[in-house]
Amino acid sequence: MNRSFSVYLDVVRFTAAFLVYLYHSNQRFLSEAILPASHYGHSSVIVFFVLSGFVIAFVTDTKESRLPAYAASRISRVFSVTVPAIILTVILDAIGRQLVPEIYSGYPFDQFVARIGGSLLLINEVWFISITSFSNVPYWSICFEFWYYVTFAMVVFMPKRRGVLAALLAAVALGPKFMLLAPLWWLGVLLYRWRATQDWSGSVSLVLAVLSSVGIVAFHALGISEWCSDWLMGVIGKENHRQLTFAKFFIGDYILGVLVFLNFASMRNVLAHHGQSLLLIERPVRLVANYTFTLYLLHQPLFLFWGAVVQGDPEGPGFWLTVTALMFMTVGVVGHLTENRRYILRDFLFRLISRIPLVRSAEVARHD
């Protein structure tokens, strides 16, 4: 992966996380005016899915080609942030509810065993279950993404036939929501492995980069996602549609996923020849990108908490800006102590996993 394209992906990653924040913080108790660009929330998660598939395909082809390295890296990446996020969400919600209970009226604060247990095991969205992790609504997507890591590992690190069969059985066990959104994650894998896209000419790549960008904006302006979701509800019924929860937008998500695929594929080619200017901002981009996962997983409990603490005036932008600044400061502190130190857990897990006889056997069988 060339450096310029890597920087571009980090820009996209942080921008997507911030757009999710805009979407969730677009609440009238924070700002009476509707926040600009606050309708890209769900779409940004789809961008994360495609980006995740691409990155995982890349690292298994380069840095994490053995199961112990892959497993240690993925587990440490996820749990170094999810476990603190679960603990902090409960604490922040408990305090915030005491200060301004009305802003938490739409969020659950009960069934602690189910919510904490489900969140720790990342099974909040299995089949037609949908367990909200207290006020942390965005938590749902990591419950999909983690299991995409697992099923991908089955395909890559197990003998081919057994690996594919194991992944299919796991997909059935996880349920239809998991399967409906899986193609979006695998689009990222296809993007990395389909080398023909790198043979597109410079002019074709530039045209596709422009058209895909315009297409993404038009997709939202025309309300394609909502229209597809409404059509699906008419076909399968309101109750079945409701039970799909975040997967109910899958038809529109497929359209958006193709646009994102084309954008990434074309920009990879464009930046390979004309991306030197992006390297000028490489250092600050890498810095903020290191906090993206923490920003994504903690922004909602944090802005609710800080909103309850500050209790400002939503008529102007000052209240929202103050809460946003406090949210970012907290993300910086938490991310420094967790996400940016995950290598400690990764190294420990690598040593531990490497000693497991079953893992050693799988490594041998894979290369036979």
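Bear in mind these aren't lab numbers, they're just calculated from the coordinates by the rules spelled out. These figures come from a predicted structure and were not determined experimentally. Neighbour counts are summed over all protein chains in view; Cβ atoms, including those assigned to glycine, are modelled from backbone coordinates with ideal geometry.
Model label sites at residue 120 and residue 199, defined 7 Å from Cα along the beta-carbon direction, differ in position by 5.2 nm.
Ranked by the mean number of other Cβ atoms within 10 Å of their residues, highest first, the peptides 61-72, 154-165 fall in the order 61-72, 154-165.
Treating each Cα of segment 78-131 as an identical point scatterer and summing with the Debye formula, the log10 of I(q)/I(0) at q = 0.15, 0.17, 0.30 Å⁻¹ comes to -0.48, -0.60, -1.19.
Among 169, 30, 120, the largest mean-square fluctuation in a Gaussian network model of the chain, built with springs joining Cα atoms closer than 10 Å, belongs to 169. Considered as an equivalent ellipsoid built on the Cα gyration tensor, the chain has semi-axes of 31, 26, 23 Å, the largest given first.
Since only 349, 194, 105 are under comparison, the one whose Cα sits farthest along the positive direction of the charge dipole of the chain, derived from C-beta charges on Lys, Arg, Asp and Glu, is 349.
Which of rounded, prolate or oblate describes segment 110-256 when judged by the alpha-carbon gyration tensor and an a/c cut-off of 1.5? It is oblate, given that a/c is not under 1.5 and a/b is not larger than b/c. Here the Karplus relation 6.51 cos²θ - 1.76 cosθ + 1.60, evaluated at θ = phi - 60°, turns the backbone of segment 251-256 into coupling constants of 5, x, 4, 5, 4, 5 Hz, with x for every Gly and Pro. Our helix-only sum for the chain, with -39,500 (n - 2.57) per DSSP H run of n ≥ 4 divided by its residues, gives a mean residue ellipticity at 222 nm of -25000 deg cm²/dmol. Taken over the Cα atoms of segment 227-368, the convex hull encloses 287 Å³ per residue. Computed over segment 61-194, the convex hull of the alpha-carbon atoms projects to a mean area of 9.4 nm².
Other residues whose C-beta falls under 11 angstrom from the C-beta of residue 132 contribute a net charge of -1, scoring Lys and Arg +1 and Asp and Glu -1.
Label segment 30-106 by shape, choosing from rounded, prolate and oblate, from the square roots a ≥ b ≥ c of the eigenvalues of the Cα gyration tensor; if a/c is under 1.5 it is rounded, and otherwise prolate applies when a/b is larger than b/c, oblate when it is not. Taking the square roots of the gyration eigenvalues as a ≥ b ≥ c, segment 30-106 is oblate.
Applying the Karplus relation 6.51 cos²θ - 1.76 cosθ + 1.60 with θ = phi - 60° to segment 285-299 yields 3J(HN,Hα) values of 5, 4, 4, 6, 5, 5, 10, 4, 5, 5, 4, 5, 7, 10, 4 Hz, where x marks Gly and Pro. When each of the peptides 227-239, 260-272, 328-340, 296-308 is scored by the mean number of other C-beta atoms lying within 10 Å of its residues, the order from highest to lowest reads 296-308, 260-272, 328-340, 227-239. Straight-line reach from residue 238: taking Cα to Cα under 20 Å and skipping same-chain neighbours fewer than 8 places apart, the aspartates and glutamates in range are 125, 226, 230, 253.
Across segment 129-181, Cα-Cα pairs farther apart than 15 Å form 51% of the total.
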